[in-house]
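The structure appears right after this line, and notes come after that.
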Amino acid sequence: MMFAGEHDIERAVAELASRLPDALRPLARVAFDYRWSWAEDGPAMFESIDPERWARCGHNPRRLLTETPDSMLVRAADNAGFTGWVERIAAELAFHRARPWPAGPISPEHPVAFCSCEFGIHGSLPIYAGGLGILAGDFLKEASDLALPMVGVGLMYRSGYFHQRIDVTGYQHEYWVDADPERLPCVKVTGDDGRPVSICVPVNEEDVTVHIWRVDVGRVPLYLLDTDLPENSQVGRWITSRLYDSTRAIRLAQYAVLGVGGVRALQALGISPGVYHLNEGHSALGVFELFKQVQAQSALSSGESSTHEAWQKVREQVVFTTHTPVPAGNETYQRAEVLEMLGRIADLAADREQFLAMGRLDPHNAGQPMGLTALALRTSRHANAVSQRHGQVARAMWQPLFPGCSLEQVPISHITNGVHVPTWLHGPMRQLLDRYLGEAWLTRADESATWAPVLEIPAGELWAARCAARRQLVDMIAHRATSDRLRRGEPLDYAKAPSSGFDPDRLTIGFARRLATYKRLHLVSLLPERALALIGGPRPVQFVFAGKAHPNDMDAKEVVRQVFALKRAPSVAGRAAFLEDYDIPLAGQLVGGCDVWVNLPRPPFEASGTSGMKSCLGGGLQLSVLDGWWAEAYDGSNGWAINSDVNADPGGDPLVQDQRDSRALFDLLEHEVVPMFHERDAEGVPQRWVAMMRQSLITHGPRFSASRMVKDYISQVYTR
Ligand SMILES: *Cc1c(COP(=O)(O)O)cnc(C)c1O
């Protein structure tokens, strides 16, 4: 079974191979399948060809192999150690590609179509913004590992999400870099006539032409839709330019291309999904195209079909995951906005009024806006939230859609998110676990028994791995903070402070995430005297921050500025750093190295959160508000919790809540975290700390792995 675009990949591989020395030719195939990125030493193999160029290419192997001078390639080909490495990685990849499909409810003839507006696969493919995308990327990788028949559907953003620079005043600036797909490890899918497969999506007055790129994520082909074509108008070309474009109408056009275009693209590629998984509501407009397909089919077979029956058939094919209760993640559009951009898509439905009504909370209230989440909930046979607590929140939030249902009856279940272990576990902790957890333990990462041997790892070894990971992180922080500051035009002594100030043996606390205001980075700077006392006290701690605010989110940008206001205090320069341009590679380094990972969401807005799960894998300990995944993960012995209940405050005043939670944060740090870190035995090992690390690894490791998550989707959602 081959999915469309296979020949295009083969052609591109052959072309790349033709410029490589014979011994390196297998690398061309490796370069065109992101599976190398989660093979244990795949990244190291490419890096060893030319470390500087590897960094300059943004860890993009197609570029590396294209741009490395012949002399260096020849040198690598003459190195028997290296060519053996190449053969091993290439063989591993071929083995995974050739594994048979397991018998199961999902067949390769009718795969799962996983539709998402962002995918966080790898740093070199800039089509993600944050947690939603990373989850989608981890999902595809895990599906590949499990040999689950799946294809991904997304958009090829030509300039992706923005890059971040902070100026000396702490103000965030954004810039965009064009990602040239011709230099990414992807190919444009062509048809039998050798021309690009092409579909149309009606947006406003224009029939927007769409081409399709294919990127291989292990066994899962990810199809990315692209409107940046000369045959389209300038606006049409702009549709797939930026992820979460600032203009509402452009976003609506993106949702049309992703949804309607996604369904049409799969049809054009000869793929007939058994189930469409809408990962968030952005792709929900595709249900209207499915509706039209169903009607066309039943018109052929039976001659007539009621609208109701047709929608029932659509529903049978669609499942939906809601990822956030935050309004910005549940966009709604007014009637006029919708009809202007999507008027001709509305005609796919029985009539325009029905089209609009399906996205309203109350279909009969023509004054209500149309929302993508409501549309997805109404047109899917199964809907779920992404943590136990988020399930409760989502049922309450969407109860109006299901009149007559009690809260418990609202048909939204939950499957808690998980993270792809081979992607997020590396360095010293990976090596340690590989030694103790047994052969091929990663294929059993969702079983408690797999993690049990963690209890037998000597405390000294766990601690040594932790310290080695922290040392790597501290080197990175010193280097990056210095270059950030030099670029910002800071005074030289401030720019140089991180390399002497950050200490590899010091308690290192991290906070890195998208800077939406509900994530409450500002709790760190709300009580500046306590923050400064921790940093400059007798047992100092060091802080590392990172995160991007959406370009239009002025409140979030203001929070960054508030945190920056602390930077002039003595001792802060060398013990706290905000690292610019948070992305997958930076996240990987931070979650792997920090001792404590802090999360301070305003409940109940953190649907799940996944960076904490990644941090657990590296032996990091969680200090988090009891919201999202932490509300079900925390057991009193595997981290620290802040109980933040809005209703505890008179009138539920968020400012009172913030003050209280900020005090709780510093109380925990001062009275529990710092003393525990410094309580050492004769060998210098903090026994209680290590005991908590063990507890964290064995309780979280199996539960919050992507294999547990994807298996839950298979048994509870995809299978009926
Ligand atoms: C994991 C990850 C996220 C999601 O983190 P949260 O804990 O959900 O805030 C966001 N961005 C990047 C780059 C990540 O790797």
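The figures follow:
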read-out	value
Condition check for Trp101: aromatic (Phe, Trp, Tyr) and open to solvent by 20 Å² or more (accessible area, probe 1.4 Å)	yes
Hey, Pro100 in contact (Cβ under 8 Å) with a residue 60 or more places away in the chain and at negative phi or not	no
Residue satisfying all of: in the stretch 448-464; of a type in the set (Gly, Ala, Ser) and open to solvent by 60 Å² or more (accessible area, probe 1.4 Å); nearest to Ser696 (Cα to Cα) among these	Ser448
Positions within the stretch 369-393 being assigned to a helix (DSSP H, G or I), in contact with a helix residue (DSSP H, G or I) (Cβ under 6 Å, 6 or more places away or on another chain) and open to solvent by 50 Å² or more (accessible area, probe 1.4 Å), in sequence order	Gln388, Arg389
Qualifying residue in the stretch 618-626 (condition: away from the ligand (no atom under 16 Å from the Cβ) and either within 23 Å of Trp441 (Cβ to Cβ) or in contact with a Cys (Cβ under 6 Å, 6 or more places away or on another chain) (or both))	yes
Verdict on Val656 being within 13 Å of the ligand (Cβ to nearest atom) and either part of a helix (DSSP H, G or I) or within 24 Å of Val419 (Cβ to Cβ) (or both)	no
Residue check for Ala366: open to solvent by 50 Å² or more (accessible area, probe 1.4 Å), more than 22 Å from the chain's Cα centre (by Cα) and under 30 Å from Val314 (Cβ atoms)	yes
Criterion violated by Thr322 - all others in (1) crowded, with 20+ Cβ neighbours inside 10 Å; (2) out of contact with any helix residue (DSSP H, G or I) (no Cβ under 8 Å at 6 or more places or on another chain); (3) not hydrophobic (A, V, I, L, M, F, W, C) satisfied	(2)
In the stretch 627-653, residue farthest from the ligand (Cβ to nearest atom) [restricted to those that are within 26 Å of Ser413 (Cα to Cα), open to solvent by 30 Å² or more (accessible area, probe 1.4 Å) and at pLDDT below 95]	Asn647
Some residue of the stretch 210-230 being of a type in the set (D, E, K, R), part of a loop (DSSP other than H, G, I, E, B) and open to solvent by less than 50 Å² (accessible area, probe 1.4 Å)	yes
Residue list for the stretch 36-80, restricted to those being in a helix (DSSP H, G or I) and over 19 Å from His122 (Cβ atoms)	Glu52, Asp70, Ser71, Met72, Leu73, Val74, Arg75, Ala76, Ala77, Ala80
Entirely in the stretch 515-613, the helices (runs of 4 or more DSSP H) that have 2 or more residues that are among the β-branched types (Val, Ile, Thr) and open to solvent by less than 10 Å² (accessible area, probe 1.4 Å)	none
Restricting the stretch 705-720 to residues that are open to solvent by 10 Å² or more (accessible area, probe 1.4 Å) and either in the same structural domain as Cys616 (by TED's automatic domain parsing) or outside any helix (DSSP H, G or I) (or both), the residue that is modelled with the highest pLDDT	Thr719
Test: residue in the stretch 294-312 that is more than 21 Å from Ala129 (Cβ to Cβ), of a type outside the set (Gly, Ala, Ser), open to solvent by less than 40 Å² (accessible area, probe 1.4 Å) and in a helix (DSSP H, G or I)	yes
Of all residues making up the stretch 179-194, the number that are assigned to a loop (DSSP other than H, G, I, E, B) and either open to solvent by less than 20 Å² (accessible area, probe 1.4 Å) or closer than 20 Å to Trp238 by Cα (or both)	6
The stretch 394-415: number of residues that are open to solvent by 10 Å² or more (accessible area, probe 1.4 Å) and either in contact with a strand residue (DSSP E or B) (Cβ under 7 Å, 6 or more places away or on another chain) or outside any helix (DSSP H, G or I) (or both)	8
Qualifying residues in the stretch 511-552 (those that are under 17 Å from Ser662 (Cα atoms) and of a type in the set (D, E, K, R)) - the one nearest to the ligand (Cβ to nearest atom)	Lys519
Among (1) more than 10 Å from the ligand (Cβ to nearest atom); (2) touching a helix residue (DSSP H, G or I) at 6+ places or on another chain (Cβ under 8 Å) - the single one Gly612 does not satisfy	(1)
Residue list for the stretch 116-149, restricted to those being more than 16 Å from the ligand (Cβ to nearest atom) and open to solvent by 10 Å² or more (accessible area, probe 1.4 Å)	Asp145, Leu146, Leu148
Conditions (1) open to solvent by 20 Å² or more (accessible area, probe 1.4 Å); (2) of a type in the set (Asp, Glu); (3) in contact (Cβ under 8 Å) with a residue 60 or more places away in the chain: number failed by Glu490	(1)
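A quick yes/no check of all residues on (1) over 18 Å from Gly154 (Cβ atoms); (2) under 22 Å from the mean Cα position of the chain (by Cα); (3) of a type in the set (S, T, N, Q):
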{"site": "Val235", "(1), (2), (3)": "yes, no, no"}
{"site": "Gln254", "(1), (2), (3)": "no, yes, yes"}
{"site": "Val257", "(1), (2), (3)": "no, yes, no"}
{"site": "Gly262", "(1), (2), (3)": "no, yes, no"}
{"site": "Leu266", "(1), (2), (3)": "no, no, no"}
{"site": "Leu285", "(1), (2), (3)": "no, no, no"}
{"site": "Gln293", "(1), (2), (3)": "yes, no, yes"}
{"site": "Ala296", "(1), (2), (3)": "yes, no, no"}
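The values are calculated or read from the model by the stated rules, or taken from the named source; none is laboratory data. Not measured: the values here are computed from a predicted model. Ideal geometry is used to build each Cβ from the backbone, glycine not excepted, and the neighbour counts take in all protein chains shown. Just so you know, the surface numbers come from the protein's heavy atoms only, side chains and all, with ligands and any DNA or RNA stripped out. Shrake-Rupley method; radii C 1.70, N 1.55, O 1.52, S 1.80 Å.
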